[in-house]
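Notes follow once the structure below has been shown.
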Amino acid sequence: MSIDLAVIGGSGLYNFPGLENTSRHALDTPYGPASGDVVTGDFAGRKVAFLARHGESHTIPPHRVNYRANLWALHSLGARKVVGVNAVGGIRGDMGPRVIVVPDQVIDYTHGRYTSFCDVEGAEVRHIDFSEPYTESLRRELIAAAGKAGIAVVDGGCYGATQGPRLETRAEIARMKRDGCDLVGMTGMPEAVLARELEMDYACLALVANFAAGCGDEAEISIEEIFAHLAAATAEVPRILGVLLKS
Ligand code: HPA
């Protein structure tokens, strides 16, 4: 099958609105099952594959997502271009709730996740280049599409990937800020590096749901507020991807 674009939906994006003539694919992989069925269909005249990273009922926490199976499943269906949609907290002052960012760097603070397909004894060990963790051409396509759709996005920023599922402490975010992180999320890694290992183009649409701990006015971060902001930002995603697919 030829897939023009694969979309991995994060918190708040459990199906792809507007996808037509859909088929479901329950795929087992050498790494176990993916987060759920991959749904393929037509959108803006092109073939799209959609997978809900946390499962369609949001039952899989960030540290238990089978990232390898997800990327493998999309690759085995023929996808070579992937947009990961990720809910994030904003660290930088201009990355407040509802802002959409297309990051260009990553720092990985996660642990205990499978971060490579090269972990079978006796298999070839590959040290892939990851200086630029996102595919620049796909980042540019996303930014241009958002511009054409009249949706403001921030070009660039460093995504700090944390383990979750808890939110971070103020001290952890202060450290991440010193490290150079602009955003914090729980699912950006190892997704990006696994896509690179499979030689798939990969870019991230980061939807800011809240200011990260200690970065906003609130003493506490409310989950209700996170989901309200996320719903607003998520509504823009099909519009951006629709323009991208038509370009
Ligand atoms: N931290 C980590 N992940 C997140 C946050 C946050 O503050 N908000 C949404 N996803």
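Quick notes
- Residue-count net charge about N21 - beta-carbon cut-off 15 Å; Lys, Arg +1, Asp, Glu -1: 0
- Estimated distance in nm for a label pair at H111 and K246, the labels positioned 7 Å out from Cα along Cα-to-Cβ: 4.8 nm
- Cα-based shape type of region 11-132, given that a ≥ b ≥ c are square roots of the gyration tensor eigenvalues and the cut on a/c is 1.5: oblate
- Cut-off 14 Å (backbone N to label point 7 Å along Cα→Cβ of V120), residues of region 27-52: 29-32
- For T29, residues with placed amide H under 5 Å, excluding near neighbours: A34
- Stokes-Einstein D in µm²/s, Kirkwood radius over Cα pairs - the chain at 25 °C with 0.890 mPa s viscosity: 137 µm²/s
- Once the convex hull of all Cα atoms in region 138-200 is built, its volume per residue stands at 114 Å³.
- When the square roots of the Cα gyration tensor eigenvalues are ordered a ≥ b ≥ c, the ratio a/c for region 133-247 is 1.5 or more and a/b does not exceed b/c, which makes its shape oblate.
- 3J(HN,Hα) along region 231-237, derived from phi through the Karplus expression 6.51 cos²θ - 1.76 cosθ + 1.60 where θ = phi - 60°, amounts to 4, 5, 5, 5, 4, 7, 4 Hz, with x in place of Gly and Pro.
- Taken over the chain, lysine pairs spaced eight or more positions apart, or on distinct chains, with alpha carbons under 16 Å apart number 4.
- The modelled label-to-label distance for the pair E199/D129, using points 7 Å beyond Cα in the direction of Cβ, is 1.5 nm.
- When the Cα positions of A123, A171, P238 are compared along the charge dipole of the chain, P238 comes out farthest toward the positive end, with charges on each C-beta of Lys, Arg, Asp and Glu.
- Ascending count of other beta-carbon atoms within 10 Å, so fewest first, for R53, R64, R178: R178, R64, R53
- Between S57 and E136, the contour length at 0.36 nm per residue exceeds the alpha carbon distance by 25.2 nm.
- Annotation for region 123-222: GluC sites (Glu not before Pro) lying in DSSP loop with at most 15 further Cβ atoms inside 10 Å of their Cβ are E124, E199, E218, E220.
- Taking the Cα centre of the chain as reference, the dipole from Cβ charges on Lys and Arg (+1) and Asp and Glu (-1) amounts to some 300 debye.
- Mean ellipticity per residue at 222 nm, deg cm²/dmol - from DSSP H runs of n ≥ 4 across the chain, formula -39500 (n - 2.57): -7500 deg cm²/dmol
- Computed extension gain for D179 through E20, at 0.36 nm per residue and net of the alpha carbon distance, reaches 52.9 nm.
Read-outs: derived from the displayed coordinates by stated rules, not from any lab. Everything numeric in this text was worked out from a predicted model, so none of it was measured. With ideal geometry, Cβ positions are generated from the backbone for all residues, glycine too; neighbour counts draw on all protein chains shown.
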